[in-house]
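Here the structure is laid out as structure tokens; the discussion comes afterwards.
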Amino acid sequence: MTDTTIDVSVVPERSGRSGFAGSVNPELYRLLTALNLDREYVRGDGTVLFDSVGRRYLDFAGAYGALPFGHGPTPIWQAINDVRCSGEPIFVQPSVLTAAGELADRLGRIAPEGLTRTTFVNSGTEATEVALKIARAHTGRLGVLTTGNSFHGKTLGALSATGNIKYQSGFGAPVTGFDHIAFGDAEALDAALTAEPDHYAVFLVEPIQGEGGVVCPPDGYLRQVQEICNRHGVLLALDEVQTGLGRTGRMFAAEHEGVIPDILTLAKALGGGIVPVGAVLCRPELVGESFALRHTSTFAGNALAARVGLAVLDELTRDDCAVVTGAAAIGRQLKNDLAGLAEKYPSVVTEVRGLGLLLGIELTADVNFVGRQSLLGSIADQHNLSAVICSYLLNVEGIRVAPTLLGNRVIRIEPPLTVSAAACSRLVAALDRGLGYAAEGDMDGLFGHLLGRPTVATPAALAALRPGRTPDIAVRPGDRRFAFIAHPLDLGFFAAFDPALEVFDNAERQDLLERFAASTSELDPASFVIGSGRVSGFGDSTAHGDLIGLPYTSEQLLRLPTERALRVVGGAVELAISRGATVVGLGGYSSVITGNGLGLGATSRPITTGNTFTAAASLRAVRRVCQERGIDVARARVTILGAGGAIGRTIGKQLAGEVGSIALVGRRGENSVIAPKLWAAAQEMVASAGAGSGDLAVAAAEVDGNLDDLIRSRHIEFFTDPIAAVQDSLIVIAATSAPHALIDPTDLMQGAIVCDVAQPPNIGRDVRGERPDVTVFDGGIVRVPSGSDFSLTYGLAPGLTYACMAETMLIALSGEFALRSIGTTLDGESVERLGALADVHGFTLAEATRWREDAQ
Ligand code: PLP
């Protein structure tokens with residue numbers, strides 16, 4: 001194996017990349033690109049791969065176990081060349097396939113005793129199909145029992161056997177007859193077979209669950225399984241597609257416990273890393289005409305594949321199976337070294353598992369592993385820390401590893417059986433650095449390469465910034481449960497969220513955000529857990545809440561195509577519910593982009609935008625400030641920015657009876673007429689002015705609520721320009737979803753008050769400097785009851801929260817789910833009721849809304 005410069009004649013044309021990205025698998029291409037995993041490998045030699053720019057990598061992913069001798073092994077190429085030179089025909093079905101006969105004979109001699117009948121196939125999944133057909137044909141029974149978290153392939157029968165709902169759903173799997181029990185639980189097997197005698201044809205199981213995350217069963221499991229299956233007259237099929245042919249340090253994993261199954265499947269390694277070949281071995285009496293004369297597969301048993309299989313067996317059995325015993329020895333050493341890393345970084349590595357050279361490093365899923373509230377913790381909670389480490393190892397250290405398919409917080413270590421001790425030492429040293437960065441929360445070390453920063457090892461400059469690991473707030477019995485969906489308002493916000501992100505500038509934060517958003521799939525939407533907290537309500541009532549983050553700023557969320565936006569927020573809602581939330585609040589723009597929640601359709605738990613309580617809190621704040629400033633509300637003009645939206649409209653309705661006049665500001669409708677939404681809002685406001693004592697109510701009573709008359713008398717006025725609208729208003733309510741400021745302090749009338757409900761604010765911040773006569777306060781911010789611990793940082797002073805989040809808390813604490821706010825029409829009774837509940841549970845309103853003024 002050499003690592004000299006590459007032969008440029010084999011570098012594929014650039015069109016290969018765009019062909020893959022466009023026509024083969026654009027979805028996978030996006031995921032790979034997001035974490036810089038999109039290498040084009042142009043040459044492989046043993047454990048080493050070379051990419052199109054000549055960089056060299058050690059391959060510890062090993063094609064999921066299909067590379068027993070690494071890339072391009074000479075003896076296998078030799079066998080292929082021999083076929084070519086001899087002129088042996090490859091495809092001559094049906095006839096006496098002599099090469100297949102030789103391979104079957106050899107397999108029968110090395111396999112567990114009595115498995116002398118071989119059916120050839122072309123892949124692992126096809127091997128599973130054949131095993132199931134043989135078992136069903138022989139027993140005349142349909143039932144197939146397999147284990148949860150197993151992987152047996154992805155064709156429909158094999159997928160039905162595969163114990164994972166994520167890969168099954170949408171494909172009609174499992175088909176009839178398939179059941180799953182826990183892996184490693186012999187009693188569960190006994191119970192299942194006892195409960196349904198004569199139902200199951202076969203129990204199919206992997207000796208070690210490979211794709212499930214390198215999960216080893218308890219010692220003695222396979223022996224017990226064999227005894228139980230025998231006792232119940234059910235066939236035992238071992239799926240050795242991944243474990244077979246030396247991978248676990250024995251020729252077959254079944255040998256570790258001396259188990260002899262009825263059926264055994266092989267694939268992957270049998271092809272020597274060059275040709276797809278698989279085989280199903282079984283006792284001869286299991287196969288009769290009903291299977292043998294009806295099952296065919298055009299390519300199965302072809303001469304080339306069989307000659308390759310024979311060459312593989314030659315290599316594996318040479319010198320007393322030196323390759324296999326060598327793999328056992330090197331695997332033992334490697335596992336030891338990895339276990340050493342697990343001891344060194346206990347907060348990051350939760351377990352090292354496996355046998356031989358089928359090893360798995362399980363990484364933490366603790367959102368809190370580098371302290372409460374960190375981006376790395378959120379990534380770990382998403383089970384994506386493994387992908388981050390894979391990206392680091394590939395890009396910085398030149399080592400290829402990959403997560404297992406189902407257990408994706410497990411990094412598989414599955415190099416060629418011929419891997420050298422020196423290559424293993426390089427892997428361990430590289431992992432030592434990568435895991436070290438993760439343990440210290442060093443973002444530069446882990447992510448710097450994605451942002452084009454120098455990839456030299458940097459000391460963990462950030463360790464000092466970390467407040468230290470603080471325990472997360474765990475769920476206690478009796479806690480009500482809620483969740484709240486949030487997102488950074490802008491890029492600067494990130495450092496408040498996680499101080500470790502301070503090392504990056506805004507452009508780099510933007511780049512990272514985009515990568516995280518792109519690196520998750522539709523099946524695992526991009527939401528992540530930020531952390532949790534508890535609010536203490538009236539008496540001893542408590543509610544535990546998870547804060548779920550979306551990796552988009554306000555502007556980015558607004559730019560998402562509707563379908564994607566709904567998928568992203570829908571995914572976050574599902575994540576929240578799966579964690580136990582009984583009500584989910586849509587914070588920030590997650591409500592705006594889902595049409596105030598309506599776009600999400602029916603959800604299994606109530607969702608709420610929090611708009612009703614935001615309106616309630618703002619109303620209280622406005623009334624209080626008006627009183628303090630001695631404003632004659634009954635004469636005063638109120639301007640509502642965003643009057644057609646849920647919050648503006650609700651506040652307008654509630655205030656209509658008290659005020660002098662209302663200016664409604666909103667987008668223009670078609671043909672420059674007043675938008676129907678704004679017109680409807682005005683009608684509702686006038687209707688609810690009722691018998692109020694303000695000028696508007698009095699005028700409305702005189703004209704019987706006729707809107708045209710009220711417009712003529714300027715009791716109601718419409719604007720599209722916010723600046724023009726605020727000029728002669730003493731009271732301004734800003735409740736738009738614009739992601740930037742709309743008015744400037746200088747636009748305001750002398751002595752005006754502005755209730756800025758919007759996040760980000762609709763009015764620029766430096767009000768006090770420019771207009772000391774003006775009072776600006778945040779309507780949508782409240783103080784949580786004392787005794788609560790919701791001190792996650794999302795840009796507010798300690799103890800404060802957004803009113804929309806407070807509404808979610810109030811609904812959880814009270815269990816009054818009907819109070820949820822959805823759509824733009826909110827009812828006045830709910831506004832009152834939530835205000836009352838806030839008083840009961842100790843959420844303070846108006847005082848807390850003054851924070852911005854106080855902070856200046
Ligand atoms: N069975 C096991 C245990 C496997 O690990 C795999 C693949 O990873 C399969 C079956 C399916 O093999 P293939 O991908 O060749 O269809």
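Restricting attention to the stretch 698-712, which residues are assigned to a loop (DSSP other than H, G, I, E, B) and open to solvent by 60 Å² or more (accessible area, probe 1.4 Å)?
ASP704, ASN706
Which of the strands (runs of 3 or more DSSP E) contained wholly in the stretch 332-444 include at least 1 residues that are over 26 Å from VAL48 (Cα atoms), of a type in the set (A, V, I, L, M) and at pLDDT 95 or above?
So the answer is 349-355.
Determine the pairs where a residue that is farther than 18 Å from PRO454 by Cβ, located within the stretch 501-528, has a partner that is polar (S, T, N, Q) with Cβ atoms under 6 Å apart, the partner being 6 or more residues away or on another chain.
Close Cβ pairs (under 6 Å, with a partner that is polar (S, T, N, Q)) amount to ALA526/THR520; PHE528/SER378; PHE528/GLN382.
Suppose we keep only residues that are assigned to a loop (DSSP other than H, G, I, E, B) and more than 24 Å from LEU600 (Cβ to Cβ) within the stretch 793-836. Which one would you say is most open to solvent (accessible area, probe 1.4 Å)?
Out of the qualifying residues, it is PRO798.
Does THR125 fit the bill of being among the hydroxyl-bearing types (Ser, Thr, Tyr), assigned to a helix (DSSP H, G or I) and either outside the structural domain of GLY271 (by TED's automatic domain parsing) or within 16 Å of the ligand (Cβ to nearest atom) (or both)?
It is true that THR125 is among the hydroxyl-bearing types (Ser, Thr, Tyr), assigned to a helix (DSSP H, G or I) and either outside the structural domain of GLY271 (by TED's automatic domain parsing) or within 16 Å of the ligand (Cβ to nearest atom) (or both).
When you check ASP839 against the structure, is it modelled with pLDDT of 90 or more and surrounded by fewer than 20 Cβ atoms within 10 Å (Cβ to Cβ), yes or no?
Yes; evaluated as a whole, the condition is true for this residue.
Please count how many residues of the stretch 92-109 are among the charged types (D, E, K, R) and free of Cβ contacts under 8 Å to residues at least 24 places away in the same chain. Write out each step before concluding.
Step one: list which residues in the stretch 92-109 are among the charged types (D, E, K, R), which gives 102, 105-106, 109.
Filter again for free of Cβ contacts under 8 Å to residues at least 24 places away in the same chain, leaving 105, 109.
Of the residues in the stretch 92-109, 2 are among the charged types (D, E, K, R) and free of Cβ contacts under 8 Å to residues at least 24 places away in the same chain.
If you scan the stretch 233-248, which residues turn out to be open to solvent by less than 10 Å² (accessible area, probe 1.4 Å) and among the small types (Gly, Ala, Ser)?
Within the stretch 233-248, ALA237, GLY244, GLY246 qualify.
Inspect all residues belonging to the stretch 481-498 and state whether any of them is more than 22 Å from PRO454 (Cα to Cα), open to solvent by 40 Å² or more (accessible area, probe 1.4 Å) and touching a His at 6+ places or on another chain (Cβ under 8 Å).
yes
So which of GLY108, GLY101 is assigned to a helix (DSSP H, G or I), open to solvent by less than 30 Å² (accessible area, probe 1.4 Å), away from the ligand (no atom under 16 Å from the Cβ) and not aliphatic (A, V, I, L, M)? Don't jump to the end; show me each part of the working.
Values: GLY101 fails: open to solvent by less than 30 Å² (accessible area, probe 1.4 Å).
Going through GLY108, GLY101 in turn, just one is assigned to a helix (DSSP H, G or I), open to solvent by less than 30 Å² (accessible area, probe 1.4 Å), away from the ligand (no atom under 16 Å from the Cβ) and not aliphatic (A, V, I, L, M): GLY108.
Confirm whether ALA311 is away from the ligand (no atom under 15 Å from the Cβ) and under 39 Å from the mean Cα position of the chain (by Cα). Spell out how you get there, then give the answer.
Numbers: away from the ligand (no atom under 15 Å from the Cβ): yes; under 39 Å from the mean Cα position of the chain (by Cα): no.
It is false that ALA311 is away from the ligand (no atom under 15 Å from the Cβ) and under 39 Å from the mean Cα position of the chain (by Cα).
Go through the stretch 56-96 residue by residue and tally those that are open to solvent by 10 Å² or more (accessible area, probe 1.4 Å), of a type in the set (Ser, Thr, Tyr) and under 29 Å from THR243 (Cβ atoms).
2
If THR296 satisfies every condition in (1) closer than 26 Å to LYS133 by Cβ; (2) in contact with a helix residue (DSSP H, G or I) (Cβ under 6 Å, 6 or more places away or on another chain); (3) more than 14 Å from the ligand (Cβ to nearest atom) but one, which is the exception?
Going through the list (1) closer than 26 Å to LYS133 by Cβ; (2) in contact with a helix residue (DSSP H, G or I) (Cβ under 6 Å, 6 or more places away or on another chain); (3) more than 14 Å from the ligand (Cβ to nearest atom), THR296 breaks only (2).
Out of everything in the stretch 37-51 that is open to solvent by less than 40 Å² (accessible area, probe 1.4 Å) and touching a residue at least 40 places away in the same chain (Cβ under 8 Å), what residue ends up being farthest from the ligand (Cβ to nearest atom)?
PHE50
Pick out the one residue from PRO75, PRO89, PRO68 that is touching a residue at least 24 places away in the same chain (Cβ under 8 Å) and within 16 Å of the ligand (Cβ to nearest atom). Before you say what the answer is, go through the steps one by one.
Working: PRO75 fails: within 16 Å of the ligand (Cβ to nearest atom); PRO89 fails: within 16 Å of the ligand (Cβ to nearest atom).
Testing whether each residue is touching a residue at least 24 places away in the same chain (Cβ under 8 Å) and within 16 Å of the ligand (Cβ to nearest atom) leaves just PRO68.
Name the residue that is farthest from the ligand (Cβ to nearest atom), counting only residues in the stretch 250-279 that are over 24 Å from THR296 (Cβ atoms) and open to solvent by less than 10 Å² (accessible area, probe 1.4 Å).
VAL259
Return yes or no: is ALA237 more than 35 Å from the chain's Cα centre (by Cα), within 16 Å of the ligand (Cβ to nearest atom) and not assigned by TED's automatic domain parsing to the domain that holds ILE361?
No: the conditions fail for ALA237.
Can you go through ALA305, ALA342, ALA380, ALA387 and tell me which one is open to solvent by less than 10 Å² (accessible area, probe 1.4 Å) and either among the basic types (Lys, Arg) or within 39 Å of the chain's Cα centre (by Cα) (or both)?
Only one candidate qualifies: ALA380.
Could you grab me the full set of residues in the stretch 595-618 that are surrounded by fewer than 24 Cβ atoms within 10 Å (Cβ to Cβ) and either touching a helix residue (DSSP H, G or I) at 6+ places or on another chain (Cβ under 7 Å) or farther than 23 Å from SER830 by Cβ (or both)?
ASN596, GLY599, LEU600, THR603, SER604, ARG605, PRO606
Condition first: more than 16 Å from GLU807 (Cβ to Cβ), under 16 Å from the mean Cα position of the chain (by Cα), without any contact (Cβ under 8 Å) to a residue 24 or more places away in the chain and surrounded by fewer than 24 Cβ atoms within 10 Å (Cβ to Cβ). Can you find one or more residues in the stretch 532-554 that meet it?
The answer is no; no qualifying residue exists.
Are there strands (runs of 3 or more DSSP E) fully within the stretch 569-672 with at least 1 residues that are not assigned by TED's automatic domain parsing to the domain that holds ALA812? List them.
Per the criteria, 583-586.
Checking the condition of a type outside the set (S, T, N, Q) and crowded, with 24+ Cβ neighbours inside 10 Å, which residue from VAL592, VAL633, VAL638 passes?
VAL638 is the lone residue from the list that is of a type outside the set (S, T, N, Q) and crowded, with 24+ Cβ neighbours inside 10 Å.
Please enumerate the residues belonging to the stretch 558-586 that are under 22 Å from ASP490 (Cα atoms), more than 15 Å from the chain's Cα centre (by Cα) and buried (at least 24 other Cβ atoms within 10 Å of the Cβ).
The answer is GLY585, LEU586.
The values are calculated or read from the model by the stated rules, or taken from the named source; none is laboratory data. Keep in mind the model is a prediction, meaning the values are calculated, not measured. A quick note on method: Cβ atoms are made from the backbone with ideal geometry, for glycine too, and the neighbour counts reach across all protein chains shown. These accessible areas exclude ligands, DNA and RNA; they are computed on the full protein's heavy atoms, side chains included. Shrake-Rupley method; radii C 1.70, N 1.55, O 1.52, S 1.80 Å.
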